[in-house]
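Below is one structure, written out as structure tokens; the observations come after it.
The values are calculated or read from the model by the stated rules, or taken from the named source; none is laboratory data. All values derive from a computational prediction rather than experimental measurement. Glycine also receives a Cβ, built like all others from the backbone with ideal geometry; neighbour counts cover every protein chain displayed. These area figures cover heavy atoms from the full protein model, side chains too; ligands, DNA and RNA do not enter into them. Shrake-Rupley method; radii C 1.70, N 1.55, O 1.52, S 1.80 Å.
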Amino acid sequence: MKLIQFVFVLTSGAILLFSCTNGTKSDLSTQQREETKLSELSDYNLKGKVRLIKQEEFLSSIDGQLVGSRTGMNSFTYEFDKLGVKINEQTYDSMGMIKTKSEYFLDHNGVKKEKKIESLDGELLHKYEYWFNDKNETIKVKATDYVDNDVFTYFIYYTHDSQGNQIGMKTKMLDGTVFNSSDAEYKNGFKIKSTVNDNLGSPTAICEYEYNAKGDVVKEYYYLGNGQLFNIFSCMYTYDDQGNWIKKVYSLDEKTIETDENRNDRIGVQTITFRTITYFN
């Protein structure tokens with residue numbers, strides 16, 4: 001996000017970002033996963049037989065009438081197979097050029113086992129190895145970051161509720177030391193609250209969400225770790241005939257606390273994001 005971004009940084013290569021940029025798990029997720037056991041489309045609140053989605057985020061005038069330069073964030077291409085499994089992705093920089101390329105490796109059952117992220121020139125940046133339970137829910141990831149000549153490895157552990165919603169995440173070093181963690185609360189299949197915690201389990205950032213009838217986030221309320229309201233954002237969408245949004249206008253509605261991080265952020269539209277979605281026939 002803008003301001004302090006409320007980003008849960010695991011390392012430079014693994015970031016959990018609580019925002020309406022991310023998909024949310026709705027009631028549709030249960031149905032889709034029962035049908036395919038593998039589909040990830042509902043994790044991004046995507047409907048229909050999506051094959052490819054390209055997303056680009058731009059800065060905007062505060063009235064939303066002018067689209068400016070690319071932000072270099074939240075801009076990517078995701079490719080899915082016919083089962084809804086993500087098989088490739090690319091991210092883009094502020095010039096619209098490819099920043100990273102990712103490839104997923106699946107086992108003979110189509111289950112995701114490994115992901116590698118490379119720079120445009122083929123340099124290996126990050127590697128992730130996945131473990132799943134019998135419900136095909138991710139329960140552990142071994143992450144390896146390659147920074148210059150250094151190699152940094154750690155584990156990410158996930159917990160889920162009985163409906164399959166991811167309610168907890170904890171990052172541990174190889175010696176078992178907790179680095180940080182996050183928690184999520186759900187209501188009727190929708191994530192309504194995310195909390196980021198430090199290594200001692202104390203909250204450092206909190207976000208609460210409101211949704212529209214299509215299952216997309218329309219309001220975000222950001223709090224400091226002590227529960228003090230920080231900022232309020234909203235999202236407005238334009239949809240295609242499949243019910244997937246293809247344009248998002250992201251606005252800062254209110255600043256309740258002014259800090260060095262948000263002092264220059266003006267009330268009004270912050271970014272405009274466009275999507276091009278290609279479907280299987």
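Tabulated values for the structure
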item: So Ser94, is it farther than 21 Å from Phe152 by Cα, of a type in the set (Gly, Ala, Ser) and surrounded by 14 or more Cβ atoms within 10 Å (Cβ to Cβ); result: yes
item: Hits in segment 262-281 (condition: at pLDDT below 90 and either open to solvent by 100 Å² or more (accessible area, probe 1.4 Å) or at positive phi (or both)); result: Arg263, Asn264
item: Matching strands (runs of 3 or more DSSP E) fully within segment 134-180 where at least 2 residues are hydroxyl-bearing (Ser, Thr, Tyr) and either open to solvent by 40 Å² or more (accessible area, probe 1.4 Å) or touching a Ser or Thr at 6+ places or on another chain (Cβ under 9 Å) (or both); result: 138-147, 150-160
item: Evaluation of Leu83 against (1) in contact with a strand residue (DSSP E or B) (Cβ under 9 Å, 6 or more places away or on another chain); (2) surrounded by 15 or more Cβ atoms within 10 Å (Cβ to Cβ) (one fails), failing number; result: (1)
item: Residues that are assigned to a strand (DSSP E or B) and of a type outside the set (Val, Ile, Thr), drawn from segment 116-133; result: Lys116, Glu118, Ser119, Leu124, Leu125, His126, Lys127, Tyr128, Glu129, Tyr130, Trp131, Phe132
item: Residues within segment 255-281 that are within 18 Å of Ser60 (Cβ to Cβ), of a type outside the set (Lys, Arg) and in a strand (DSSP E or B), tallied; result: 7
item: Unique match (being at pLDDT 95 or above and not hydrophobic (A, V, I, L, M, F, W, C)) among Asn197, Asn226; result: Asn197
item: Residue tally, condition open to solvent by less than 20 Å² (accessible area, probe 1.4 Å) and over 22 Å from Asp253 (Cβ atoms), over segment 226-243; result: 1
item: Single residue of Tyr223, Tyr209, Tyr186 found to be in contact with a Ser or Thr (Cβ under 8 Å, 6 or more places away or on another chain), in a strand (DSSP E or B) and either hydroxyl-bearing (Ser, Thr, Tyr) or open to solvent by 10 Å² or more (accessible area, probe 1.4 Å) (or both); result: Tyr209
